[in-house]
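So the structure is just underneath, and the comments pick up after that.
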Amino acid sequence: MTISTLFQHTYPFVKPYRKLLIATLVLTAVGSLAAQVNALVLRYTVDEINALMLAEKTLKDGAQLLVFISIVLIVKELVYSVVQFGQKFYGEKLRIYISRDLSQAIVEKILSYRMAFYTSPENESGKLQTRIDLGISSLTRLVQNFFIDILPLFANSIVALVFMFNANFYVGLVGLGIVPIYFYISQLQAQKLSGFRRRMRTYRENKNNGIISLIESITVIKSFVREPLEAEKHKAIQFEMTENQMQTRKLSFIFDGIKGFIEQNGVVIVIILTAYFVLDGVMSIGSIMFHVLLFNNVSAPIRQLHRIYDEVNDALINSEGFFDIIEADQEKEPSGEYIPTRIGGAIVIKDVDFFYPNGTQALKKVNIEIQPDKITALVGLSGAGKSTLINLLDKFYEPSSGEILLDGVSLSAYNTAALRSKIGLVLQKNHIFTGTIAENIRYGKLGATQEDIEEAARKAHIHDQVVQLPKGYDSNANLLSGGQQQRIAIARLFLKDPAIIFLDEPTANLDAIATEQIKKSLEAIKKNRTVIIISHSISQIIDADTIIVMENGSVVEQGLHEDLYDQKGAYFRIFSAMANSLNIEKIAKTMN
Ligand code: ADP
């Protein structure tokens, strides 16, 4: 990213605040004129007092002069304070507004992205978070520095330079001469530092990600007593980061020294030059102070030049990741035009191949026909591609080749939001949002009344348990057991009332009793809908109208339970293994 592209990308966020921007700039201009008053007053005072001394006048004769300069300085200071307040306040306002807009924009953007964006390794949550945080903070810092700190200083610098040239051409040249030297050195400094900065960003991302995964894996870490190993891993990142930081600081300090040295040389040259003109009778003695102060006004902002370079470079590096995310339009979820009035539920999967973005082929030439209002079970060992199939049917991913038709219309032609609003998904572990039970059920249909919610809960066979809680529907949903949460999720689906339901191992994480409890709610939600269920539960599989057996991404068998069993193929093997794992003989004996 270059500076001009950075500005192009940032401009849309500044544009709504043009008036604020102009007000800030006007105040900046006024402030920079006021900033030169001190130098002018000082020259005037020195010259006047010098004249009084030469005329051997006393303090009494100078009293008028002192009153005059005091008034000038006080008025200037008053004006300057008001201007500075306005300038800082408007600048800050600009920064806060832009920061807010950037945060909102990125949240809205990433919500619109396709699933592959979230599952791609470079977008792991910790890394994504760091990239967004760094991007926003460095862009807002850039805006702040530019409008609050840098711009006034630069305006001062330019006005002071004009005054210097106006006073004397050669003095002006010395002032001007320092500018390219500083630019050159600051650029050199920035170049040398940019590698360190990039590395620093990677360290920060890794560190944040490391801490998040540490917390997620804490049970395993503790059970294997691997705390020292994890601490050691973290220490390695930390030490590399420290080394990098020290190098950055060292370089910065060296460059600061060089710049300070050059600036002092400039001051010396200005003094010598002006003293020469004073002695030559071309200038008054007050000019020495005048020129030194003006030179200071010129060099002060340029002293900060490396900071702008730093900030701009930070922004260039950090905003690259940020704008990559915010402008990743190819990541947008594709959506067609077709909005169905009613979904029948007839699904045809034709010659579908699918590769995940990392290259894993999860489906190979899959051909399936799914009957509407019937229950289809997907059976297969783990990794066979069952969940992938559901991901494709929900349009979370598109087939790499082949086609999926729903009611005779290609899935790609469907409006994605309209399609998903007709599909219900129950996963192994359903997501419960922080909040009450009522809020969690209402997620299925925003605006649902309390009666609607209770009705849905009744259908999901959870109502009786909810009303027994001390706070009823206002209880914290996170405190419910796994089986209860699963039924809350099913109640949520009753409100949504989708025509098609995908159940991806809905009872896999539940114990036998919870599975038994949830059975009724699953039976209820399956009624009069097209259902595809992935399950390792024998009872759920044999209940299905059709069974589809998958192996290594391909469909290997398809049919009714009895027929498939008699084929003595893949289904027979899987079914026998499931039955054997239940130790049916012993169970039967006990039951007898
Ligand atoms: P099943 O649901 O039958 O257990 P999946 O559909 O989850 O199987 O997985 C099928 C294959 O795709 C597996 O090899 C799995 O490792 C791979 N896979 C699943 N999800 C992803 C993903 N997000 N990125 C890359 N590969 C994936």
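Below, the figures for the structure above:
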item: Share antiparallel - DSSP beta bridges, the chain, percent rounded to 5; result: 50 percent
item: Percent carbon-and-sulfur accessible area, the chain, ignoring ligands, DNA and RNA, probe 1.4 Å; result: 59 percent
item: Check: the range 3-331 dipole with +1 on Lys, Arg Cβ and -1 on Asp, Glu Cβ, in debye; result: 260 debye
item: Theoretical gain in end-to-end length, residue 524 to residue 92 [0.36 nm per residue, Cα-Cα removed]; result: 149.8 nm
item: Where the range 277-411 is the region considered: accessible area per residue in Å², 1.4 Å probe; result: 43 Å²
item: Ordering of 282-289, 430-437 by packing [mean C-beta count within 10 Å, highest first]; result: 282-289, 430-437
item: Positive dipole terminus of the range 423-497, leading residue within 425, 443, 480 (C-beta point charges); result: 425
item: Kirkwood Rh and Cα Rg combined as Rg over Rh, evaluated for the range 3-331; result: 1.12
item: Compactness index (Cα Rg / 2.2 N^0.38 Å), the chain; result: 1.47
item: Kyte-Doolittle mean at least -1.0, axial Cα span of 30 Å or more - DSSP H helices of the chain; result: 59-111, 169-216, 227-279
item: Size of charge dipole - the range 423-497 - debye, nearest 20, with Cβ of Lys, Arg +1 and Asp, Glu -1, no other charges; result: 260 debye
item: For residue 353, distant residues with modelled amide H under 5 Å away; result: 365, 366, 400, 401, 402
item: Positive-pole candidate from 316, 330, 218, dipole of the chain, charges at beta carbon; result: 316
item: Charge-dipole axis of the chain as Lys and Arg at +1 and Asp and Glu at -1 on Cβ define it, positive-most pick from 580, 346, 33; result: 33
item: Rg to Rh quotient for the range 1-140, alpha carbon positions, Kirkwood Rh; result: 1.32
item: Whole-Å semi-axes of the range 498-555's equivalent ellipsoid (Cα gyration tensor); result: 19, 16, 10
item: Per residue solvent-accessible surface (Å²) - the range 224-270, probe of 1.4 Å; result: 69 Å²
item: Amide hydrogen neighbours beyond the local backbone of residue 558, cut-off 5 Å, H modeled; result: 549
item: Summed residue charge, Cβ within 10 Å of residue 213's Cβ, Lys/Arg positive, Asp/Glu negative; result: -3
item: Of 496/520; 364/445; 350/429; 374/422; 332/422; 395/527, pairs whose Cα-Cα distance is over 26 Å; result: 364/445; 350/429
item: Neighbour net charge for residue 363 - beta-carbon separation under 14 angstrom, K R +1, D E -1; result: -1
item: Extended-chain gain in nm, criterion 0.36 nm per residue less alpha-carbon gap, residue 236 and residue 261; result: 5.2 nm
item: The range 423-497 - Kirkwood radius from inverse mean 1/r over Cα pairs (Å); result: 11.8 Å
item: Cα centre as origin, Lys/Arg/Asp/Glu Cβ charges: the chain dipole, Debye; result: 800 debye
item: Within the range 459-523, trypsin sites (Lys or Arg not before Pro) in DSSP loop having at most 15 other beta-carbon neighbours inside 10 Å; result: 471
item: 15 Å beta-carbon shell around residue 289, net charge (K/R +1, D/E -1); result: -1
item: Spin-label zone in the range 379-423 - amide nitrogen under 20 Å from a point set 7 Å from the Cα of residue 360 along the C-beta vector; result: 379-401
item: Computed E for residue 474/residue 446 - FRET, C-beta separation, R0 25 angstrom, nearest 0.05; result: 0.90
item: Calculated from backbone phi, Karplus (6.51, -1.76, 1.60) coupling profile of the range 422-436 in Hz, x at Gly/Pro; result: 9, 10, x, 10, 10, 9, 3, 10, 7, 7, 10, 7, 4, x, 7
item: The range 423-497 - accessible surface per residue (Å², probe 1.4 Å); result: 51 Å²
item: Distance histogram for the range 64-203 (every C-alpha pair counted, 5 angstrom bins, percent rounded to whole numbers); result: 2, 7, 9, 11, 12, 14, 12, 9, 7, 5, 4, 3, 2, 1, 0, 0
item: FRET efficiency estimate (nearest 0.05) - Cβ-Cβ, residue 119 to residue 556, R0 25 angstrom; result: 0.40
item: The chain - mean residue ellipticity at 222 nm from DSSP helices (-39,500 (n - 2.57) per run, n ≥ 4, rounded to 500); result: -22000 deg cm²/dmol
item: Base-10 log of normalised Debye intensity for the range 150-234 (one unit scatterer per alpha-carbon) at q = 0.25, 0.26 Å⁻¹; result: -1.13, -1.16
item: Calculated FRET efficiency for the pair residue 330/residue 57, C-beta based, R₀ 60 Å, to 0.05; result: 0.15
item: Inter-probe distance in nm under a simple model that places probes 7 Å from Cα toward Cβ, at residue 455 and residue 512; result: 3.8 nm
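The values are calculated or read from the model by the stated rules, or taken from the named source; none is laboratory data. Computed from a predicted model, the values in this text were never measured in an experiment. All Cβ positions, glycine included, derive from the backbone under ideal geometry; neighbour counts span all protein chains shown. Note: areas computed on protein heavy atoms with side chains; ligands, DNA, RNA excluded. Shrake-Rupley method; radii C 1.70, N 1.55, O 1.52, S 1.80 Å.
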